[in-house]
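Here is the structure we will look at.
Just so you know, all these numbers are worked out from the coordinates, no wet-lab data involved. This one's a predicted model, so the numbers in the text were calculated from it and none came from an experiment. Here the Cβ positions follow ideal geometry from the backbone for every residue, glycine too, while neighbour counts run over all protein chains shown.
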């Protein structure tokens with residue numbers, strides 16, 4: 001679900017929020033049938049709601065901070081002649097950036113149609129279209145935050161200054177104060193993405209005890225990531241600006257099939273399944289002209305006619321996965337799950353244009369990735385569980401990361417040495433629930449083998465040349481505790497705490513014999529402690545929540561010499577549901593306030609990757625969190 005992805009899609013671009021159905025969490029070992037080549041642990045499986053049996057219209061509108069506004073409408077057909085039912089929905093959202101200048105816009109359409117085909121088969125058709133155009137925030141460093149503060153960002157309102165910075169840099173002159181580097185700020189950057197997703201699913205009950213499903217899907221994605229480049233000026237004949245538009249362009253076309261068949265008899269539920277995907281992914285870096293002295297009126301768009309193609313590659317990946325599992329209820333209290341999956345991922349790259357062409361292929365495969373679990377219920381309140389799984393992650397087929405993000409010689413050097421990343425996950429836990437309390441306590445141990453690390457040989461901004469290598473293992477061990485207590489009528493209190501000791505086991509030896517001593521260091525981007533609490537009230541008409549989130553310090557360097565401090569944030573929300581008869585019935589009003597006490601903090605780290613060491617805090621790979629923001633939503637169901 002990454003933004004710059006070569007084989008997936010973020011859930012917000014595949015499904016509108018109001019159409020979210022139940023989300024299923026498989027913690028620790030995850031699910032054998034999960035259609036993923038990068039799953040090394042637990043999984044979250046999202047689903048969409050089905051159309052309703054009755055005709056109806058749902059609308060919602062949101063306004064709030066940063067000039068946010070959003071509108072949503074969904075039409076449900078009810079049951080149609082022939083027994084089918086459908087819904088179609090549309091939303092449009094707009095917001096200014098909370099700092100700097102620019103906007104973030106998205107429009108999306110969802111369509112779902114469910115049709116019974118006789119008594120034993122159900123057909124489900126789903127379509128999604130999403131168009132997202134957004135101006136990004138500047139990647140910060142600790143040094144930039146100290147010099148300019150959390151609000152430091154781009155200068156999209158000052159094209160003249162951006163050109164002055166570029167001219168000074170290119171002429172070897174001092175930059176306009178207070179800037180000391182072209183990377184201290186930029187004119188504008190962002191991205192455009194268009195996605196179309198569709199699937200056709202058949203659920204069938206063939207004979208007694210035997211049922212299954214088959215899904216055929218497709219996903220088409222395209223869009224550039226943009227940035228005003230002060231290093232590559234526009235040719236004089238095409239505009240003459242000292243700036244140009246540098247893009248990394250993505251185009252993905254993937255289609256696949258997921259099928260499974262389950263047999264339930266006596267005390268066994270046996271399932272076998274198969275997944276195949278064909279993915280054609282293209283990636284290119286291009287430069288487009290800008291007019292000197294004339295700020296572009298439409299920056300986040302699809303560009304044509306580049307004056308330079310720095311590189312362009314095409315990647316094709318075929319994935320084959322088979323799984324077989326059995327859930328055996330040995331006694332009413334004891335259940336055992338066991339199974340395995342086989343995974344093969346073949347990837348190849350061809351070069352359309354590059355000064356460093358690469359044409360190569362690589363495979364990651366494992367025929368036996370087992371998983372086993374046991375659940376024992378003492379009574380209706382107490383249960384214990386334990387499980388084990390082994391998983392493998394396939395190589396990423398991309399010019400930005402993975403084994404192909406290098407030269408032909410670099411790939412030849414690493415090809416026979418690389419091994420895919422794998423994990424062995426062990427988990428044991430206890431759960432309790434009664435009418436007022438739900439609680440769980442889980443301990444886990446994860447052995448992460450054959451960790452892959454890409455070392456950059458050039459500036460992040462200019463473009464990386466990477467060498468990928470296995471650099472040892474990582475051990476993670478920890479404890480997770482969670483509880484929800486309904487302590488009084490309409491009142492509840494939720495709390496959760498997670499402690500995670502994740503550290504590198506091995507030092508890294510470079511090709512020149514130098515040693516990077518990271519053994520025992522904390523894994524980058526992994527806090528040791530995370531805590532959440534939420535106090536909630538809901539009487540069916542009035543509801544409210546007050547909650548907090550704690551995260552301990554994190555590191556973005558492998559040597560742990562550049563910490564990002566911990567933080568605690570508080571959020572508040574409240575709402576009112578109109579219950580009285582009449583036009584207002586079904587109307588709901590809601591207020592959400594995030595970062596209630598307006599704390600300045602770092603929200604994301606590693607946005608441009610991680611680094612061995614950064615003692616001076618100059619590496620730009622941090623994003624600041626938004627200040628206090630408030631949003632008001634009205635929603636209504638008609639008919």
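Counting only DSSP beta bridges with both residues in segment 494-639, tell me the antiparallel percent, nearest 5.
95 percent
Provide the packing ranking of 161-168, 39-46, i.e. peptides ordered by the mean count of other C-beta atoms within 10 Å per residue, highest first.
Those peptides, ordered most packed to least, come out 161-168, 39-46.
May I ask you to work out the translational diffusion coefficient for segment 1-103 at 4 °C, viscosity 1.567 mPa s, via Stokes-Einstein with Rh from the Kirkwood sum over Cα pairs, reported in whole µm²/s?
The estimated diffusion coefficient comes to 77 µm²/s.
For 271, 292, what's the fewest-to-most ordering of other Cβ within 10 Å of each Cβ?
Lowest to highest Cβ neighbour count: 292, 271.
On a 0 to 90 degree scale, rounded to 10, what angle separates helix 159-170 from the longest Cα axis of the chain?
That helix lies at roughly 60 degrees to the long axis.
Provide, for q = 0.14, 0.28, 0.29, 0.32 Å⁻¹, the log10 of I(q)/I(0) from a solvent-free Debye sum over equal Cα point scatterers in segment 308-355.
-0.59, -0.97, -1.00, -1.06
Just rank 188, 251, 554, fewest to most, by other beta-carbon atoms within 10 angstrom.
Least to most surrounded, the residues fall as 251, 554, 188.
Cα centroid distance between segment 107-152 and segment 561-587, in Å?
21 Å
With 10 angstrom as the radius, rank 299, 94 by how many other C-beta atoms surround their C-beta, starting from the fewest.
Ascending Cβ contact count within 10 Å gives the list 94, 299.
Å³ per residue of the Cα convex hull, for the chain?
About 176 Å³ per residue, rounded to a whole number.
Roughly speaking, what is the centre-to-centre gap between segment 222-240 and segment 36-65 when only Cα atoms are used, to the nearest Å?
First find each Cα centre; the distance between them is then 38 Å.
Under Stokes-Einstein, with the Kirkwood radius over Cα pairs standing in for Rh, what whole-number D in µm²/s applies to segment 503-590 at 20 °C and 1.002 mPa s?
Diffusion coefficient, whole number: 125 µm²/s.
How many times 2.2 N^0.38 Å is the alpha carbon radius of gyration of segment 117-184?
The value comes to 2.16.
Please state the equivalent ellipsoid semi-axes for segment 553-633: what are the square roots of 5 times the Cα gyration tensor eigenvalues, largest first, in whole Å?
43, 11, 9
Compute the distance from the alpha-carbon center of segment 252-328 to that of segment 475-523, in whole Å.
Taking the Cα centre of each part, segment 252-328 and segment 475-523 sit 30 Å apart.
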